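What follows is calculated from the coordinates using simple rules that are stated; it is not laboratory data. Model, not experiment: these values are computed from the prediction. Note that each Cβ is placed from the backbone with ideal geometry, even for glycine, and that neighbours are counted across all protein chains shown.
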Amino acid sequence: TVFGALGKPFENKAILKRRKLKQQTFQESSASTGGEKFNLTVLPSSLIISKVLTGGDKLVKFYHGTHVGKVRKNNEDAYAEIYPDTFIVADGMGGRAAGEVASNMLIDTVAENLNPNGLPYDEKILSGAILKANEKILAAAEQNENLKGMGTTATILHLTDWDAYYAHVGDSRLYLLRGGILHRVTEDHSYVEELVKKGEITPEEARVHPMKNILTQAVGVTPEIKIDAGNFGVMFGDVFLLCTDGLTNMVEDGQILEILNKSLSPADDLIKAALNNGGRDNITVIVLGIDS
């Protein structure tokens, strides 16, 4: 269990085993990358952390945290750093302990299926790992009546010297902060997102819609799933945010942008903002920034 400035534990025992980190506080760690891509710039001062774990000339600064929120009894979110430089968040669903089982099963399966042959991997490899997790979660639910109906979201980001690769299912999100503008890279696989795309409701209305939690795609629910995946070039000063909907349902994009721009502890402050706005769900946040 790791304690942050909020005075409450940001805990996920399964994740702590997967992440080979010395956790001084929940937001302090880093991951190294090779190559020459990131050696000409440093992060904005708002994202420099006080402790740097040096493993090479280039670093990915990694702030992270998860919180059960103010309403739920269990934390069904899961998150991890999977070596090398792969980051994942998952939001489980299914009631009782089933959601927690699904989200942790997803991360375990993804970790097992990435880079099995020592080869570089891209969005196709990430998607394939999600498909393997889909099969395993379905099989587990079939064998255990208590797990029937469980599922999970999945949002994965892999960074190389020059590119970012992602794969995504559900309504967790990947954001990119570039040049002062916050871009949402992923699209929610949800009923209300479909309404927004059709022009029937606004994004603001979607955040408070009574059916905002109805997903159109999730891992472990049906044999066939639609995975959104892609890649884009990484630029100097880019900041990435992966999060579950416990953040985005509570905190508007404008406030997220302000925190990312100004905070010295962005994961901590994003979670705090979600709690201050109600904290009605589990909240999980990963913030990454490139440093030389």
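Annotations
- Between residue 258 and residue 163, the FRET efficiency from the beta-carbon distance, with R0 = 30 Å, is close to 0.60.
- Length added when fully stretched, residue 205-residue 83, from 0.36 nm per residue minus Cα-Cα: 40.0 nm
- Histogram of C-alpha separations across segment 120-231, 10 Å bin width, %: 14, 37, 33, 15, 2
- For 234, 89, the sequence from fewest to most other C-beta atoms within 10 Å is 234, 89.
- Fully extending the segment from residue 73 to residue 184, taken as 0.36 nm per residue of separation minus the present Cα-Cα distance, adds 37.0 nm.
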